[in-house]
1. Just the number, please: Stokes-Einstein D of segment 157-291 in µm²/s, Kirkwood Rh from C-alpha pairs, 10 °C, 1.306 mPa s.
2. To the nearest 10 Å², what's M192's accessible area with a 1.4 Å probe?
3. With every protein chain left in place and a probe of 1.4 Å, what is the accessible surface of F411, to the nearest 10 Å²?
4. For a quick check of understanding: with a 1.4 angstrom probe and all protein chains in place, what accessible area in square angstrom does H164 have, to the nearest ten?
5. In what sequence, largest accessible area first, do E196, E335 appear using a 1.4 Å probe?
6. Amide H to amide H, which residues 5 or more places from T227 or on other chains are under 5 Å from it, using H placed in the peptide plane?
7. Work the Kirkwood hydrodynamic radius out for segment 273-359: mean of 1/r over every pair of different alpha-carbon atoms, inverted, in Å.
8. By how many degrees, 0 to 90 and rounded to 10, does the Cα axis of helix 48-57 deviate from the longest principal axis of the chain?
Amino acid sequence: MRLPPDARRRAELALRAAALVLLAWMFARSAAPRDRAAVQERTDSRALNAALTSWTLAPEPTSVHVTAAFAPAVREREWLRALARAGVRVSWSGDSIPAIAIEVAARSDPAGGVRAYVAAPAGARATLSDAVGLIDTLSIAPGANALSLPMSAGALDLLVRGQHARALAPESLLPRQIVVLGRAGWEGKFAMAALEERGWRVSSRLRVGPNVSVSQGTPLALDTAYTAVVVALDSSAAQYAGAIVSFERTGGGVVLAGDAPLAAALRALAPGRAGARVAAASISFASTAPRRALGFYPIVALASDAVPLESRDGHVIAAARRVGAGRVVQLGYDETWRWRLAGTGDAPAAHRDYWSSVISAAAYRATAPITAAAGNADAAPLASLYADLGSPSAPAAPAVHVSPGLRWWMFALLALLLLAEWSSRRLRGAR
C-alpha cells in the first residue's frame, strides 16, 4: 500500500534524523579516549598463546588476568610484560604451580660431565632428561638435591607435576695443574698417581731430607693462570705458606691434608683445628665403608663459615670454607695410600675417584663460555614469573566485555538508513 505524501515525508525525516543521531554517536564514540574502556579479559595457561594474539590485535583491554596451572613460557612472559609496559594491567594467579629450579655446572674433573642441583617440593617425584631422553627419576629430598652425571647432551630438563625447568651448563672448564707439596712418602706417591691416572696434570715438590727436595713440573707457579689447587699433604708444606695463602686469596683452591693444619702458618686458612689423631676403626677395607680402615686427624672447633663434608662416629673428617676469593678443603686422612693397596674390589678406582672429588671441591674454576645458545631454557619458572609479573593476585573484576570504538554494524546501519531515505525520495520523484 502506498503511503500518503505527508506520511512518506515524515518517514523520510525520521530516517534522516536517525542517521544524523547515529552519525553523531559514532563521532563521539570514536573521539572517546581508548583508556576509558573498562575491558577485563581472562584466560588460562593452556589458551594463553591464542589469548595473547587476540589481546594484541583486538581493541586493547585495560586489564588481563591469567589463571595458570603451570608457569608461562619465556616467550609468553615477555609478551605479557610488553602488554604491561603498554599500559595494560596484567595479573595472574596459580596456586598449583610447583616451585622448582635446576642449576647445571660443569664438573671440575678431567673426565668431564656435569653436576645438576635441583630443588622442588619435598617428597615430589621428578624426572630428569636431556636432549637424548630420560636420564633418571628421583624423589625430591628437603633442601638441595645434587646429581653428578658423567655426560649429558644439551639442556637438562626437570619435570615435576607437569612443570618443566630447563638449564644448560653455563661454562666449560679450562685445564689447570695440581700442585702437591709435602714429604716424600707413600701418601704423596699414590695421591699423585691417582690424580694423574684420572687425567689431572700434576706438579710436585716433595721433601726427601733437610734442605733437599725433588720437584716435578712447575710446583712453585702458584698462580691461577697455571694452577687450580695446591695440596699440602703434611705440615712440611708450611715453608710455602706465604705463597699458598696469597694463591688462595686470589681465587685458588687449597687442600690441607693430614697434619698440615697443625702448622701455625697454615692454621688461619683451615676450616677447623686438627685434633689428636684417631686410629682406624677397622682393620678391613670393606667395600661398603673402606675409609673406616683409615686413621685421621679429626677437625674440631669448626669456623663459623665452615661446612662439614664428611663425618664418622661423631668426628668431622673433611670440611670446607671460603677464604677471600678461593676455597679451602681440610682433609683429616693422612694415609689414604693404604686404601689403594689393601682395599677390596676395585680399590684403585675408588681411591682415584675420592681424591678427584676432593680436588674438585676446592678447584679454581677457570672457565670459558659455551657458545651454544640456551634457547628457551628456563631454570626456575615460578621465580621468573614472580620477577616478570610480580606477585599473584585476583582479577580486577568479573570478565566484562565492553566494545569501545567503531564497529562494522554501525556503518552498515548508517548506510541502510541513508539508502532507505534516498530510495523513498526517488520513488516519489523528489530530489
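The values are calculated or read from the model by the stated rules, or taken from the named source; none is laboratory data. Please read all numbers here as calculations on a predicted model, not as lab measurements. Glycine gets a Cβ as well: all are built from the backbone with ideal geometry, and neighbour counts include every protein chain shown. These area figures cover heavy atoms from the full protein model, side chains too; ligands, DNA and RNA do not enter into them. Shrake-Rupley method; radii C 1.70, N 1.55, O 1.52, S 1.80 Å.
1. In µm²/s, the coefficient is 93.
2. Near enough 20 Å² of accessible area.
3. 110
4. The accessible area comes out at roughly 70 Å².
5. Solvent-accessible surface, decreasing: E196, E335.
6. Q177
7. Taking every pair of different Cα atoms in segment 273-359, averaging 1/r and inverting gives 13.7 Å.
8. The helix 48-57 is inclined about 50 degrees to the chain.
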